[in-house]
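The values are calculated or read from the model by the stated rules, or taken from the named source; none is laboratory data. All values reported here derive from a predicted model rather than from experimental measurement. Heads up, the Cβs are rebuilt from the backbone with ideal geometry, glycines too, and the neighbour counts pull from every protein chain shown.
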Amino acid sequence: MLTHTLFFLATITSVLSCIDHTNYFPPQHNHSNHLSIRAEEGDTKDWSYPSFNWPEIRVEYALCHNGTQQSPIGLSHSQGHSKKITPVFDRYKKAKGELYNWNHGVAFNFYHPEGDFSGLPSMEIQGQGRATERVFLTGWHMHTPSEHMVDGVRTHAEMHFVHVNTNGTARAVIGVLIQAGTFDSPFFAQLPKPLIYFSNDSTVQNIEIDPYLAIREVKDYAKFWTYKGSYTTPPCTQGLQWFVSRDILYTSVRQMQEILGVGTYSAREIQQIWLHEVNA
């Protein structure tokens, strides 16, 4: 372990995602801030972009082709916005974790004891005809360009806030579309510089992040689309409630260049709307 004010850890594992997975894996470390990998995922990341051939790689990736609620999807202002299901960010608070790169862009995992998510930042999902559910924010990661398209247009980037229930099962994703603008984004201003490059296996430890800054920058998530969807990477597991903000988070040109400069193309092709129950 090297010390450069913060700690960089050099022992790594491959970047993976799965049904039991809270966020894309960083290099290994001594903090229990992620869940175990399912054995079927293997020891290597065997997929890449573009995404058309994922089902051909493994039988476990079949949902990527035949799933009925696959993400991302195309969204439109003509669809209107959700009025029945609402995320309430009542416990989005500052918390410490580690910054890394998931081989395609910047990512962050919050620290928590193994199997205990109760101390993490959290939100409540409220909706007509459904039980209120509290879900816990395990981390976030970046995609460039955005995965969701609005009226056929992609933004420069998209950030996914991944939430689990008390059992550690992934339940919801908060999507934030990001575009270069004029002024610095307060959310991205809190990240240490330089950002970690996509081929760099280091992590930066003990970073305190305020996730609510991102929510505030999209007008407190007042208007959004929601639908039943999936992970956007293999094995494309379904069962997630997706939220995508109508309002865009703007960065400065310099910040966007930094974000794009440490990432690679990571947008899955748009999936056909099927049993997604958009805004239902």
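Residue by residue through the stretch 31-84, note down the ones that are at pLDDT below 90, in a helix (DSSP H, G or I) and surrounded by 14 or more Cβ atoms within 10 Å (Cβ to Cβ).
Passing the criteria: only Glu41.
Which of the residues belonging to the stretch 222-239 are surrounded by fewer than 21 Cβ atoms within 10 Å (Cβ to Cβ) and not in a loop (DSSP other than H, G, I, E, B)?
Lys228, Gln238, Gly239
Here are some conditions: (1) of a type outside the set (Lys, Arg); (2) touching a Gly at 6+ places or on another chain (Cβ under 6 Å); (3) within 30 Å of Thr132 (Cβ to Cβ). Asp90 meets all but one. Which one does it not meet?
Among (1) of a type outside the set (Lys, Arg); (2) touching a Gly at 6+ places or on another chain (Cβ under 6 Å); (3) within 30 Å of Thr132 (Cβ to Cβ), Asp90 violates only (2).
Do we have Glu269 as modelled with pLDDT of 95 or more and under 30 Å from Gly67 (Cα atoms) here?
yes
Scan Ala180, Ala280, Ala189, Ala214 and give me the residue that is over 18 Å from the mean Cα position of the chain (by Cα) and either among the basic types (Lys, Arg) or within 24 Å of Leu120 (Cβ to Cβ) (or both).
The conditions single out Ala189.
For the condition surrounded by fewer than 18 Cβ atoms within 10 Å (Cβ to Cβ), touching a residue at least 24 places away in the same chain (Cβ under 8 Å) and either part of a strand (DSSP E or B) or touching a strand residue (DSSP E or B) at 6+ places or on another chain (Cβ under 9 Å) (or both), what is the one hit in Val173, Val162, Val88?
So the residue among Val173, Val162, Val88 that is surrounded by fewer than 18 Cβ atoms within 10 Å (Cβ to Cβ), touching a residue at least 24 places away in the same chain (Cβ under 8 Å) and either part of a strand (DSSP E or B) or touching a strand residue (DSSP E or B) at 6+ places or on another chain (Cβ under 9 Å) (or both) is Val88.
So, in the stretch 54-83, how many residues would count as being over 22 Å from the mean Cα position of the chain (by Cα) and polar (S, T, N, Q)?
Matching residues across the stretch 54-83 total 3.
Could you look through the stretch 102-131, keep only residues that are outside any loop (DSSP other than H, G, I, E, B) and over 17 Å from Glu208 (Cα atoms), and pick out the one that is modelled with the lowest pLDDT?
Selected residue: Gly127.
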